[in-house]
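A.B. asks: What follows is a single structure, and I will ask about it in a moment.
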Amino acid sequence: MKNIAVIGAGTMGNGIAHTFAQKGFKVNLIDISEKSLEKGIATISGNLDRMVAKETISEQDKQDTLANIKTFTQTEEGVKNVDLVVEAATENVDLKLKIFKQLDEITSSNTILATNTSSISITQIAAVTNRQDKVIGMHFMNPVPIMKLVEIIRGYNTSDEVTKAIMDMSETLGKVPVEVNDYPGFVANRILIPMINESIEALYNGVAGVQEIDTVMKLGMAHPMGPLQLADFIGLDVCLSILNVMYNGFKNPKYAPCPLLINMVTAGKLGVKSGEGFYDYSESKKAEKVSKSFIN
Ligand SMILES: NC(=O)c1ccc[n+]([C@@H]2O[C@H](COP(=O)([O-])OP(=O)(O)OC[C@H]3O[C@@H](n4cnc5c(N)ncnc54)[C@H](O)[C@@H]3O)[C@@H](O)[C@H]2O)c1
């Protein structure tokens, strides 16, 4: 596999395109929004600049990486002759089903179709195609160029051959792939998101304040970031939607979202992206707080 298409140039899509391109793959980056493509390329370029400054890569590596990426606004154009599509569009089940139905119609029958979904069933996505054996979850972590893990999710009908090809490909990218089966939340979010929900419950019940809860988990459990701050980074709306997927998928009340989380999302307090969540990210405070938290 040498030619890759990445659908969606947002937070994850540009990181995935960067990672493939830096390893010499030819990447077609596709987004319906020209603006997202421009922003995506600017982000990749800025991240490569930081790597050059740190002497992790050379200026030539940067130029080669950028030269490996082409941008497209038309999916039909971008997926011509690719061996693998990695879909990283907005997390919305109807949108993903529509994209995979279209991909099944317009790509070669040998093309593997992967999705970076955080929570939507791979089996459900595969079921709208005529190649369920070639549909798989490739769940990269944010920020993609830095994080080692790729959670590889086998749908009910994903073949052994396709799973092996994607595990091998992830290793080629310098990542550590872990194979899991397709049940709500997979493994990463099934464990992480209930922990975040429990931290919000502790806050809601008045057990301790935001700083106290995060400090306990940072200093006591050696987590690099407290769970409430992490929730702000993930997006409280995203945490809520993953909890709902698990709650509905397992029909188990232990995954019921905390009422405080529901209230905050309803009130538009979504974390970093809205400027406020458990912490304040207004422009003046943003720079000092965010710069301390990100690993570059
Ligand atoms: N953000 C994270 O930390 C994270 C981590 C792991 C997985 N994910 C998953 O990755 C996926 C993308 O998330 P994100 O955070 O990058 O979202 P994002 O909102 O930053 O980017 C989504 C992009 O998809 C584009 N898009 C929407 N519909 C499209 C279409 N039909 N064709 C092409 N592009 C389209 C949008 O224009 C946007 O640029 C989601 O499935 C999400 O669950 C996110």
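A.B. asks: Among the residues of the stretch 149-172, which ones are closer than 24 Å to I191 by Cβ and either more than 14 Å from the ligand (Cβ to nearest atom) or modelled with pLDDT under 95 (or both)?
C.D. replies: R154, G155, Y156, T158, T163, I166, M167, S170, E171
A.B. asks: Another question about this same structure. Within the stretch 1-19, can you find the residues that are surrounded by 24 or more Cβ atoms within 10 Å (Cβ to Cβ), over 19 Å from T172 (Cα atoms) and of a type in the set (V, I, T)?
C.D. replies: Once the filter is applied, which keeps residues that are surrounded by 24 or more Cβ atoms within 10 Å (Cβ to Cβ), over 19 Å from T172 (Cα atoms) and of a type in the set (V, I, T), the stretch 1-19 yields only I7.
Yes or no, residue by residue, for (1) open to solvent by less than 40 Å² (accessible area, probe 1.4 Å); (2) in a loop (DSSP other than H, G, I, E, B); (3) of a type in the set (D, E, K, R); (4) in contact with a strand residue (DSSP E or B) (Cβ under 8 Å, 6 or more places away or on another chain):
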residue	(1), (2), (3), (4)
V180	yes, no, no, yes
G185	yes, yes, no, no
I193	yes, no, no, no
N197	yes, no, no, no
E201	no, no, yes, no
Q211	no, no, no, no
T215	no, no, no, no
L219	no, no, no, no
L230	no, no, no, no
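A.B. asks: Can you pull out every residue in the stretch 14-39 that is within 11 Å of the ligand (Cβ to nearest atom) and assigned to a loop (DSSP other than H, G, I, E, B)?
C.D. replies: Residues satisfying the conditions are D31, I32, S33.
A.B. asks: What number of residues in the stretch 234-246 are crowded, with 17+ Cβ neighbours inside 10 Å and either at positive phi or away from the ligand (no atom under 12 Å from the Cβ) (or both)?
C.D. replies: Qualifying residue count for the region: 5.
A.B. asks: Could you list, in sequence order, the residues of the stretch 81-106 that are in contact (Cβ under 8 Å) with a residue 40 or more places away in the chain and open to solvent by 20 Å² or more (accessible area, probe 1.4 Å)?
C.D. replies: N81, D83, A89, T90, E91, I99
A.B. asks: So which pairs qualify, if the first residue must be in the stretch 52-67 and in contact (Cβ under 8 Å) with a residue 12 or more places away in the chain, the second must be of a type in the set (S, T, Y), the Cβ gap must be under 8 Å, and the two must be at least 6 apart or on different chains?
C.D. replies: Listed by first residue and then by second, the contacts come to I57/T65; K62/S45; L66/S45.
A.B. asks: Which of the following residues is small (G, A, S), in a helix (DSSP H, G or I) and surrounded by fewer than 18 Cβ atoms within 10 Å (Cβ to Cβ): G206, G268, G249?
C.D. replies: Selected residue: G249, the only one of G206, G268, G249 that is small (G, A, S), in a helix (DSSP H, G or I) and surrounded by fewer than 18 Cβ atoms within 10 Å (Cβ to Cβ).
A.B. asks: Still on this model: Going by the structure shown, is A127 closer than 19 Å to V93 by Cβ, surrounded by fewer than 18 Cβ atoms within 10 Å (Cβ to Cβ), assigned by the TED database to the domain that holds I112 and more than 16 Å from the ligand (Cβ to nearest atom)?
C.D. replies: Taking the combined requirement at face value, the residue satisfies it.
The rows are residues; the columns are (1) surrounded by 23 or more Cβ atoms within 10 Å (Cβ to Cβ); (2) within 28 Å of L48 (Cβ to Cβ).
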residue: S108; (1), (2): no, no
residue: T115; (1), (2): yes, yes
residue: P145; (1), (2): no, yes
residue: Y156; (1), (2): no, no
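A.B. asks: Which of the following residues is within 16 Å of the ligand (Cβ to nearest atom) and touching a Phe, Trp or Tyr at 6+ places or on another chain (Cβ under 7 Å): A256, A188, A231?
C.D. replies: The conditions single out A231.
The values are calculated or read from the model by the stated rules, or taken from the named source; none is laboratory data. This structure is a prediction, so every number in the text was calculated from the model and none was measured. Heads up, the Cβs are rebuilt from the backbone with ideal geometry, glycines too, and the neighbour counts pull from every protein chain shown. Accessible surface is based on the protein model in full, side chains and every heavy atom, while ligands, DNA and RNA are left aside. Shrake-Rupley method; radii C 1.70, N 1.55, O 1.52, S 1.80 Å.
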